[in-house]
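This report refers to the structure that appears directly beneath it.
The values are calculated or read from the model by the stated rules, or taken from the named source; none is laboratory data. Since we're looking at a predicted model, the values are computed, not measured. Every residue, glycine as well, gets a Cβ built from its backbone with ideal geometry; the counts of neighbours run over all protein chains shown. Only protein heavy atoms, including side chains, enter the accessible area calculation; ligands, DNA and RNA are left aside. Shrake-Rupley method; radii C 1.70, N 1.55, O 1.52, S 1.80 Å.
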Amino acid sequence: MLDGPSVVAALKECGVTHVVWLPDSELGKWEPALAGPAGLPLIRACREGEAIGIAAGLLLGGKRPIVVVQCTGLFEAGDALRNVVHDLKLPLFLVIGIRSYYLHQQGKTTDSCPVFTEPILRAWQVAYVVLDRGHTAADLAVVYRQAQAEKRPGAVLIAE
Amino acid sequence: MMTHRQALEVLAAHRGDRIVVTTMTAIGVWAELSDSPLDFAYIPSAMGHAPALGLGLALAQPGRGVIVVNGDGCMLMSLGNLVTLAAHPANIYLLIMDNGLYEVTGGQSVAGANRTDFAGIARAAGIARCYCFRTLAEWRAGAAEALHGAGPVAINLKVEGRLGQQTPKAPHPMPEQVARLQGALS
């Protein structure tokens, strides 16, 4: 289970220094743990492309941020993602909530978010792993560590 | 009014050892005034995101200070940046080069050209230290105060628009710029 306290603990163990975010209703449940006394520096952005820009500056400055957004924000942030990953070649790491993932799997939604999230990440050439209810924060940490070890961008998609 | 070059000459005199992030027209002008590993010519860029990048740098390097030279067109793309800057105090000095034009695309007007009060917007966003300099004399007189002390600071500079500008070229390839900057900060 990907709950706030276990995610924060895993991120800290990975050496993550900052969380730049614009949460959705699922990821937002992590806020008490992220913003609490045992949390991480939490940077609240106004738009998702801006969050990626802030993370780029942190990476250039020697820190290890992650960006936490919903897939709708990923769609908005394409140019920032392209620039940071492919022009600046920084090891950006994203945690992205996929709205309506489970309903889409069951054929019970017309929400187009699950249709486009993975193809868009593939188009931007960002490797990703989907984490569902069966996964834990340890799985998130494995994906993060692998991307960092390979000095490349990466993402986890949180099924919602 | 002042020219872009005149405005940046004043900045060069006060820059110290801070990081300077430039965008669009300022890239070419600044390269004529400075060639430091702490210069970051943000091109190729994600237009509108230089203040965000500068904030990240300023948060990562709190003792250093970051100056971002942004265009008015760039600023209009991400006005929310001003709210974010106010919410996460850091030593970032945001210059908004206000000529009402998209110079490098042929001189088309930006939305709200010559009507937008960028310093007023920044102030309303919660940035306490906001300035507007309309002439070179004003900028020369006020630069020392505006460019020092605790950030964030927003500085609106009224500069002359120039037609016939080309898309600027970075003085160094991006991989080299990234390596130089990271090397200087490590």
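For the reader, a short list of remarks on this structure follows.
- Residue list for segment B:25-40, filter: assigned to a strand (DSSP E or B) and open to solvent by less than 10 Å² (accessible area, probe 1.4 Å): B:Phe40
- Pairs where the first residue, in segment A:36-64, is facing chain B (nearest Cβ under 7 Å) and the second is hydroxyl-bearing (Ser, Thr, Tyr) and open to solvent by 20 Å² or more (accessible area, probe 1.4 Å), C-beta under 6 Å, 6+ apart: A:Lys63/A:Thr17
- Residue in segment B:70-79 that is among the hydrophobic types (A, V, I, L, M, F, W, C), modelled with pLDDT of 95 or more, crowded, with 24+ Cβ neighbours inside 10 Å and touching a strand residue (DSSP E or B) at 6+ places or on another chain (Cβ under 6 Å) present: yes
- Within segment A:121-160, the residues that satisfy the criterion of being open to solvent by less than 50 Å² (accessible area, probe 1.4 Å), over 16 Å from A:Lys89 (Cα atoms) and of a type in the set (Val, Ile, Thr) are A:Val130, A:Val143, A:Val156, A:Ile158.
- Residues that are of a type in the set (S, T, N, Q) and touching a strand residue (DSSP E or B) at 6+ places or on another chain (Cβ under 6 Å) within segment A:90-138 comprise just one, A:Thr117.
- Residue within segment A:98-112 that is surrounded by 20 or more Cβ atoms within 10 Å (Cβ to Cβ) and under 15 Å from the mean Cα position of the chain (by Cα) present: yes
- Restricting segment B:10-24 to residues that are farther than 19 Å from B:Asn81 by Cβ and not in a loop (DSSP other than H, G, I, E, B), the residue that is nearest to the chain's Cα centre (by Cα): B:Leu11
- Checklist (1) of a type outside the set (D, E, K, R); (2) more than 12 Å from chain A (Cβ to nearest Cβ); (3) surrounded by fewer than 24 Cβ atoms within 10 Å (Cβ to Cβ) applied to B:Gln61, failing item: (2)
- Picking from residues in segment A:13-39 that are within 27 Å of B:Pro51 (Cα to Cα) and over 15 Å from the mean Cα position of the chain (by Cα), the one that is most open to solvent (accessible area, probe 1.4 Å) is A:Ala35.
- Looking at B:Gly151, B:Gly112, just one residue is open to solvent by less than 50 Å² (accessible area, probe 1.4 Å), closer than 21 Å to B:Thr3 by Cα and either part of a loop (DSSP other than H, G, I, E, B) or of a type in the set (Val, Ile, Thr) (or both), and that residue is B:Gly112.
- Looking across B:Glu103, B:Glu138, one residue alone is under 23 Å from B:Asp35 (Cβ atoms) and charged (D, E, K, R). It is B:Glu103.
- Residues in segment A:62-84 that are open to solvent by 10 Å² or more (accessible area, probe 1.4 Å) and outside any helix (DSSP H, G or I) were compared, and the one that is farthest from A:Leu34 (Cα to Cα) is A:Gly62.
- Pairs, first farther than 16 Å from B:Val21 by Cβ in segment B:171-186, second of a type in the set (Gly, Ala, Ser), C-beta under 8 Å, six or more apart: B:Ser186/A:Gly62
- Condition check for A:Pro37: at negative phi and assigned to a loop (DSSP other than H, G, I, E, B): yes
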